[in-house]
Amino acid sequence: MTPLFDRVALIGIGLIGSSLARAIRRHGLAGTVVAAARSEATRRKALDLDLAQSVYADPAEAVAGADLVVLAVPVGANAAIAEAIGPHLAKGTVVTDVGSVKLAVIRDVGPHLARGVHLVPGHPIAGTEHSGPEAGFAELFENRHCILTPPPGCDKQASERVAALWRACGSEVSFMEANYHDKVLAITSHLPHLIAYTIVGTASHLEEEERKEVVRFSAGGFRDFTRIAASDPVMWRDVFLNNRDAVLEMLQRFTEDLTALQRAIRWGEGNVLQEQFTKTRAIRRSIVEAGQAGRFDPREPEKG
Ligand code: NAP
C-alpha cells in the first residue's frame, strides 16, 4: 500500500502504541515510524522489538518532522505531553490519540496546538488486559471499531487521513461527537470495568479461607471479572477521573436497576428476574451476530 504518512511519531509505545506500530509496518502505512517512551526499559524493548526506527526519551524530539503524531499514553498524561510537543509541531501536522475518553483529550491537548495543526481524537475499540510493548500485535484492530471525534471546525482532510489509517489497520471507522462517545463508552466499557474492580475487590476482602474457594470455583462467572479487573491500574484511574460526569450518571442508573433486581429477589418475583435475563440474553445474541463477541479465547478478550 502507498504510505499514508511520511513520518509517524508514536508518543507512548505500550499495548496500543506498539500494536499500531506493528500494523503500520505490516501494511506499509508510513515511510518512517519513530516513538517516544518515558522509561529506559520501554525504549530498549521498543528497539529490541524493532517497533520504530528511533525511540526518544523526549517527545518533543520525536515529533520533529512528523506529519502524524499519535498520543498513546494514559489520558491523564496528555496535557503535559501536548504542552511539551506543541511548539515543535510543523504546520499541517495531524495529531491524534487512542485514549478511552474523548472530551478530556480535546480539553487537554487542543489549547497547546498552534493554528494549522489538526487535532483528530480517536479511540480504537480494541485491547486486552495486558500492557507494554511486548503485549501488542498487528491484528489487534482488525474487525474492530475505531471511533473518531473531530471537534467542530476540524480540517476534513485531516480527519479523513486518520480514518484511512485505521481502515488500513482493519478497523471500521465511525465519527461521533466527543460528548456522545464518552456517554456510550461509560456504559459499554467504563462501568463494566468499575463493576469488575468492585466485585474482585469485594472477594479479596473475604476471609482467607473463603478466598481460596473463590479462586477454586472461579469458573462460575467470577473468572471473567478477574480478567477485566487485571486491566492497567493507571490507564483506568485516568479513565474514571477524566470521564467523571458520564460515569457517575451511568452508575446512578445502574444502581437503580440493581436495586430493582434486589427487590425482585427479596420478594420472590421470578417473573421480573426472568424477563430481565431474557432481554439481556437477546442483547448478547445481537452482539454475537454483529461479530463483536470477541475471539472466544479467554486469553485474548476484546476491550476498549
Ligand atoms: P500501556 O500498555 O500501559 O502503555 C502506555 C504507554 O504510555 C507506555 O509507553 C508508557 O511508558 C507511557 N506512559 C505512561 N504514563 C506516562 C506518562 N505520565 N508520561 C509519558 N508517558 C507515559 O497502555 P495502553 O493499553 O497502550 O493504553 C494507552 C492508551 O490507549 C490509553 O489512553 C488508553 O485509554 C487507550 N486504550 C487502551 C485500551 C486497552 O485495552 N488497553 C484500548 C483502547 C484504548 P512506560 O512504559 O515507559 O511507562
Modelling each spin label as a point 7 Å along the Cα-to-Cβ direction, I'd like the E269/E207 distance in nm, to one decimal. 3.5
Going from the fewest other Cβ atoms within 10 Å to the most, one would list I16, I106 as I106, I16
Rounded to 5, the percent of DSSP beta bridges in the chain classed as antiparallel: 10
Local electrostatic count at I81 - Lys and Arg +1, Asp and Glu -1, tallied over other residues with Cβ under 10 Å: -2
Among bridges DSSP assigns within the range 5-177, what percent are antiparallel (round to 5)? 10
Can you give me the C-alpha center-to-center distance between the range 162-234 and the range 98-158, rounded to a whole angstrom? 19
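Cut-off is 10 Å between beta-carbons; in what order do K212, K183, K102 appear when sorted fewest neighbours first? If you can, show how the numbers build up before the last one.
Values: K212 11, K183 19, K102 27.
Taking fewest neighbouring Cβ atoms as first place, the list is K212, K183, K102.
Which whole-number percentage describes the relative contact order of the chain, with Cα contacts under 8 Å and a sequence gap of 6 or more?
Details: 513 pairs, mean separation 50.4, N = 304.
Relative contact order, the chain: 17 percent.
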Report the extension gain between D224 and D48 in nm, rounded to one decimal, defined as 0.36 nm multiplied by the number of residues separating them, less their alpha carbon distance. 60.1 nm
Rough spin-label spacing in nm, given labels placed 7 Å along Cα→Cβ, for R237 and A80: 1.2
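Can you compute the FRET efficiency between T198 and I287 using 1/(1 + (r/R0)^6), with r the Cβ-Cβ distance and R0 = 22 Å? Round to the nearest 0.05. Intermediate results must be reported in sequence, preceding the final value.
On the way: r = 23 Å, r/R0 = 1.04.
Between T198 and I287 the formula returns 0.45.
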Estimated distance in nm for a label pair at T255 and T188, the labels positioned 7 Å out from Cα along Cα-to-Cβ: 2.6
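Starting with the highest mean, order 114-124, 38-48, 66-76, 228-238 by the number of other Cβ atoms within 10 Å, averaged over the residues of each peptide. List each step's numbers first, then the result.
Numbers: 114-124: 20.1, 38-48: 15.3, 66-76: 24.6, 228-238: 17.5.
Descending mean neighbour count gives 66-76, 114-124, 228-238, 38-48.
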Cross-link reach list, aspartates and glutamates versus K91, counting only Cα pairs under 19 Å and skipping chain neighbours closer than eight places: D6, E61, D67, E83, D155, E160
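Each reported figure results from applying straightforward, stated rules to the coordinates on display, with no laboratory input. Since the structure is predicted, the reported quantities are computational estimates derived from the model, not experimental observations. All Cβ positions, even for glycine, are placed from backbone atoms using ideal geometry, and neighbour counts span all protein chains on display.
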